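Heads up: the structure comes next, in structure tokens.
The values are calculated or read from the model by the stated rules, or taken from the named source; none is laboratory data. Small disclaimer: the values here were computed from a predicted structure and weren't measured. Note that we place each Cβ from the backbone using ideal geometry, even for glycine, and neighbour counts take in every protein chain shown.
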Amino acid sequence: MTPTHSPRVLRNLSAIGVGLALGILALVPALARSNPQAPWTAAERTMLKSLSLSSLAPLPADHSNKYADDAAALRLGNLLFNDARLSGNGQVSCATCHSSEKGFQDNIPLGKGVGTAGRRTMPIAGTAHSPWQFWDGRADSHWAQALGPLESAVEHGGDRLQYARVLRQHYRAEYEAIFGAFPNLQGLPERAGPVADSARAAAWARITPARRDSISRVYANMGKAIAAFERQITFTPTRFDRYVDAELAGRAPTPGDNFSDDERAGLRLFIGKANCVNCHNGALLTDNHFHNTGVPQSQDGARADSGRATGVRAVMASEFNCLSHYSDAKPSDCGELRFAVTDGEELVRAYKTPSLRNAVTRAPFMHAGQFASIERVLLHYDRAPSAPAGHSELKRLGLSGTEVRQLAAFLKTLVSSVAYPAPVTSYTP
Amino acid sequence: MRSLIRSTLAALTVATTATLMTGCMMFMKPPAASEFGRTRVGMAGVYRATITPAGDTIPQGVLQQWTLHLETVAGAPVDSATVTIDGGMPQHGHGLPTKPLVTTVLGNGDHLVEGMKFNMGGWWVVKFRIASAAGADTVIFNLKL
């Protein structure tokens, strides 16, 4: 017997059919997420391309440093970067914390020079692409950045007149070939500079303004030579870049570069549900900006740290910023400084987004080494706790344990060697 | 004591309102595609503004210059206005990464805007607050990066 259906039953059945179809349609994105081998959508492919090292813009000019791309300045900078005579105790060079063997950082929570710094040593690779240096952006160029630690009481612990004497004694020919005649230092004290040490600061105040200016000019030039070296410290392609480049070219990645299911799922989370790409965007996986992400106070809780709120005041007042007497830039070249946000709650405990390239090799993590493992970092972003001060930009993510593992697996594909100019043992014109 | 209670209650009210507002913003959806035009009329209906970024697309992560053309809704160019700029990402609850300014009045209603920058993809809002003899108004642009 053939069953017969009343119109009401038919209407109900068709409604159920439409409902099921809509339900299945709604599940499509979820199914794609649960199938790691699902093809990348057009929007995802556009995003992946933007993250590949192949999309990195050429090294930007540094208008504030006319020696930035000078080969002789680079050689001198390479020597200075590794010279421990440029410190208060003769034992600390830039390379002490920025070790080339560790990707130009040190793997300890707080940098250790002649004393202990207040924050984690930042890596150098790729930072020539950033308008701001330091976790709080208190320098707006590589050369201004290099000068900060040199006169810090806890990092290099020296002063600019001491350094001018080191340069005059050991690098005079190299210096003069690049920057011109070395100033006369006769009659000046051995050590002086605008530093925390009161005796050296007082000695600095007693020097005439014109002679102070000539010493500061040598100091700025030192920074410019170090910057010429540092801007050539760069990232090399990772498995991620090779995977994306192959994917976009429509060819199979070489076997070692293909992504596992976890790595693909992690990448999909990175550009999707986990929102990582909001800040970790572009080919260096950083927006070069400052964010409060609710990171807890440093384990060394005695140090108050308000992040960008303090950093922006420092860079605006810096004697070595883009608009300064020692800069080679025209004011029109200094847009980042001229249009910087200088106040507001968003700056409180906001720190610069670090590149995620090689991030997994840089434990401990965050601006003062607060977290020991990358999994702990991911849990922080998942839970989105309130900030110790200011307001965190994070929202809770609701990641599963599997998703945390997948994100970690993806981050481990972002590792590669860092390229840098070969060490110089002696000056060769 | 009473004043302490009053000020505590006031502080709590402000904090709760701020939290709710931030929470609400997080769940805001971008407006319809028709709201993303490069020419917009102000909220008070005093001015019509047109933004012309240098280049066809608005790039991410670099400083850029725009031309802002201002006219009254009747079509008269406005050159003598005070213009301030702010904005941000309503869904993220943060502002612009820079403090853009009108740096030059180019004439015939055109103004050079410098210091514009967007550091992430998504829905952005840029607000031009305009005051002149014609009145005060705010023109809001929605952008998708």
**OP:** Answer with yes or no whether B:LEU112 is farther than 16 Å from B:HIS69 by Cα and either among the aliphatic types (A, V, I, L, M) or modelled with pLDDT of 95 or more (or both).
**Re:** no
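Per-residue answers, yes or no, for (1) within 26 Å of B:PRO31 (Cα to Cα); (2) among the aliphatic types (A, V, I, L, M); (3) over 16 Å from the mean Cα position of the chain (by Cα):
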residue	(1), (2), (3)
B:LEU70	yes, yes, no
B:ALA76	no, yes, yes
B:GLY87	yes, no, no
B:GLY93	yes, no, no
B:THR98	yes, no, no
B:THR103	no, no, yes
Original post:
Between a first residue in the range A:95-107 that is among the charged types (D, E, K, R) and a second residue that is part of a loop (DSSP other than H, G, I, E, B), which pairs have beta carbons less than 9 Å apart while being 6 or more apart in sequence or on different chains?
Top reply: A:LYS102/A:PRO123; A:LYS102/A:ARG362; A:ASP106/A:HIS98; A:ASP106/A:ARG120; A:ASP106/A:THR121
Original post:
So B:ALA76 clears everything in (1) closer than 21 Å to B:MET43 by Cα; (2) crowded, with 20+ Cβ neighbours inside 10 Å except one condition, right? Which one?
Top reply: (2)
Original post:
Among the residues of the range B:58-65, is there at least one that is out of contact with any Leu (no Cβ under 6 Å at 6 or more places or on another chain), over 24 Å from A:HIS129 (Cα atoms) and within 14 Å of chain A (Cβ to nearest Cβ)?
Top reply: no
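Restricting to the range A:120-163, what's the tally of residues that are assigned to a loop (DSSP other than H, G, I, E, B) and more than 15 Å from the chain's Cα centre (by Cα)? Even if it seems obvious, please write down each step before you answer.
First pass over the range A:120-163, keeping only residues assigned to a loop (DSSP other than H, G, I, E, B): A:120-126, A:130-132, A:134-138, A:140-141, A:152-159.
If we keep only those that are more than 15 Å from the chain's Cα centre (by Cα) too, we end up with A:152-159.
Count: 8.
Looking at the range A:67-79, is at least one residue over 23 Å from the mean Cα position of the chain (by Cα) and surrounded by fewer than 14 Cβ atoms within 10 Å (Cβ to Cβ)? Write out each step before concluding.
The initial filter retains those residues of the range A:67-79 that are over 23 Å from the mean Cα position of the chain (by Cα), namely A:70-73, A:75-76, A:79.
Keeping just the survivors that are surrounded by fewer than 14 Cβ atoms within 10 Å (Cβ to Cβ) gives A:71.
The answer is yes, given that some residue of the range A:67-79 is over 23 Å from the mean Cα position of the chain (by Cα) and surrounded by fewer than 14 Cβ atoms within 10 Å (Cβ to Cβ).
In this structure, is A:VAL244 away from every other protein chain (no Cβ under 14 Å), surrounded by 22 or more Cβ atoms within 10 Å (Cβ to Cβ), out of contact with any helix residue (DSSP H, G or I) (no Cβ under 6 Å at 6 or more places or on another chain) and among the β-branched types (Val, Ile, Thr)? Even if it seems obvious, please write down each step before you answer.
Values: away from every other protein chain (no Cβ under 14 Å): yes; surrounded by 22 or more Cβ atoms within 10 Å (Cβ to Cβ): yes; out of contact with any helix residue (DSSP H, G or I) (no Cβ under 6 Å at 6 or more places or on another chain): no; among the β-branched types (Val, Ile, Thr): yes.
So A:VAL244 fails the test.
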**OP:** From (1) touching a Phe, Trp or Tyr at 6+ places or on another chain (Cβ under 8 Å); (2) within 23 Å of A:TYR326 (Cα to Cα), pick out the condition that doesn't hold for A:LEU185.
**Re:** (1)
Original post:
Within the group A:THR293, A:THR342, which residue is over 30 Å from A:THR236 (Cβ atoms), modelled with pLDDT of 95 or more and β-branched (Val, Ile, Thr)?
Top reply: A:THR342
Original post:
List pairs: first in the range B:82-107 and within 9 Å of chain A (Cβ to nearest Cβ), second hydroxyl-bearing (Ser, Thr, Tyr), Cβ under 9 Å, 6+ apart or cross-chain?
Top reply: B:GLY93/B:THR22; B:LYS99/A:THR342; B:LEU101/B:THR84
Subject >> Subset of the range A:327-356 (residues that are away from chain B (no Cβ under 11 Å) and within 21 Å of A:GLU393 (Cβ to Cβ)) >> reply: A:VAL348, A:ARG349, A:TYR351, A:LYS352, A:PRO354, A:SER355, A:LEU356
**OP:** Considering (1) out of contact with any His (no Cβ under 9 Å at 6 or more places or on another chain); (2) within 12 Å of chain B (Cβ to nearest Cβ), say which one A:LEU323 fails and leave the rest.
**Re:** (2)
Original post:
Can you name the condition, by its number, that A:LEU407 falls short on among (1) touching a residue at least 12 places away in the same chain (Cβ under 8 Å); (2) out of contact with any Cys (no Cβ under 8 Å at 6 or more places or on another chain)?
Top reply: (2)
**OP:** Hey, could you check the range A:173-183 for residues that are free of Cβ contacts under 8 Å to residues at least 12 places away in the same chain and assigned to a loop (DSSP other than H, G, I, E, B) and say which is farthest from A:ASN65 (Cα to Cα)?
**Re:** A:ALA181
**OP:** Return only the number of the condition from (1) in contact with a helix residue (DSSP H, G or I) (Cβ under 6 Å, 6 or more places away or on another chain); (2) more than 30 Å from A:THR286 (Cβ to Cβ) that B:PRO90 does not satisfy.
**Re:** (2)
Original post:
Which condition does A:ASP261 not pass, out of (1) within 11 Å of chain B (Cβ to nearest Cβ); (2) over 22 Å from the mean Cα position of the chain (by Cα), if it passes all the others?
Top reply: (1)
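With the range A:38-103 as the region, which helices (runs of 4 or more DSSP H) entirely inside it contain at least 3 residues that are out of contact with any Gly (no Cβ under 6 Å at 6 or more places or on another chain) and hydrophobic (A, V, I, L, M, F, W, C)? Walk me through how you get there before you give the answer.
On the way: elements: A:42-51, A:71-81, A:94-97.
So the answer is A:42-51, A:71-81.
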Original post:
Residues of the range B:118-127 being in contact with a His (Cβ under 9 Å, 6 or more places away or on another chain) and surrounded by 21 or more Cβ atoms within 10 Å (Cβ to Cβ), which ones?
Top reply: B:ASN119, B:MET120
Subject >> Selection within the range B:109-129 - touching a residue at least 40 places away in the same chain (Cβ under 8 Å), over 24 Å from A:ASP333 (Cβ atoms), touching a Pro at 6+ places or on another chain (Cβ under 9 Å) and at the interface with chain A (Cβ under 9 Å from one of its Cβ atoms) >> reply: B:MET120
**OP:** Answer yes or no as to whether A:ALA196 is among the small types (Gly, Ala, Ser) and either surrounded by 14 or more Cβ atoms within 10 Å (Cβ to Cβ) or part of a helix (DSSP H, G or I) (or both).
**Re:** no
